[in-house]
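Heads up: the structure comes next, in structure tokens.
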Amino acid sequence: MTQLNALTALGAKHADAGRYCDGQRLWLCKRRKDRGSWIVRLNIAGKRREMGLGPWPDVSISEARDRAADARRLLRDGVNPIERDLRVNVRHPISSHLQNLFSNEFYESLMPD
């Protein structure tokens with residue numbers, strides 16, 4: 001059985017480069033001793049997928065655990081958390097013509113008559 005919450009903040013800080021499991025498929029992947037990233041492994045439609053949860057140490061262990069639990073909760077509710085995350089982060093670029101038009105109107109509104 002996998003040990004839950006196997007990592008501690010101090011243990012993560014002193015760990016060398018490598019992959020470290022925290023339990024419930026949450027992993028700390030350290031590229032260097034001082035930088036890394038959090039991932040959670042999910043089974044989506046019979047395939048193993050990995051979802052990034054943020055950079056370590058910017059994202060704490062407790063925050064990574066919360067984000068992993070949210071992803072598992074979404075998956076349990078029938079929502080693909082990776083696709084949902086992509087849809088939320090997509091920005092619709094405004095055309096350069098409209099951007100120029102709005103910025104010119106704004107600039108002209110600031111000018112005294």
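Readers should treat all values here as calculations from the given coordinates under stated rules, not as data from a laboratory. Model, not experiment: these values are computed from the prediction. Methodologically, a virtual Cβ is constructed for each residue, glycine included, from the backbone with ideal geometry; neighbour enumeration extends over all protein chains shown.
List of remarks:
- Of everything in segment 10-56 that is within 19 Å of the chain's Cα centre (by Cα) and touching a residue at least 40 places away in the same chain (Cβ under 8 Å), the residue that is farthest from Leu74 (Cα to Cα) is Ala12.
- Residue match in segment 34-46 (condition: of a type in the set (Val, Ile, Thr) and either touching a strand residue (DSSP E or B) at 6+ places or on another chain (Cβ under 7 Å) or assigned to a helix (DSSP H, G or I) (or both)): yes
- Among the residues of segment 47-76, those identified as of a type in the set (A, V, I, L, M) and not in a helix (DSSP H, G or I) are Met51, Leu53, Val59.
- Candidate set from segment 30-71 (those that are among the charged types (D, E, K, R) and crowded, with 17+ Cβ neighbours inside 10 Å); member that is farthest from Arg19 (Cα to Cα): Arg67
- Residue list for segment 51-76, filter: closer than 15 Å to Trp27 by Cβ and hydrophobic (A, V, I, L, M, F, W, C): Met51, Leu53, Trp56, Val59, Ile61, Ala64, Ala68, Ala69, Ala71
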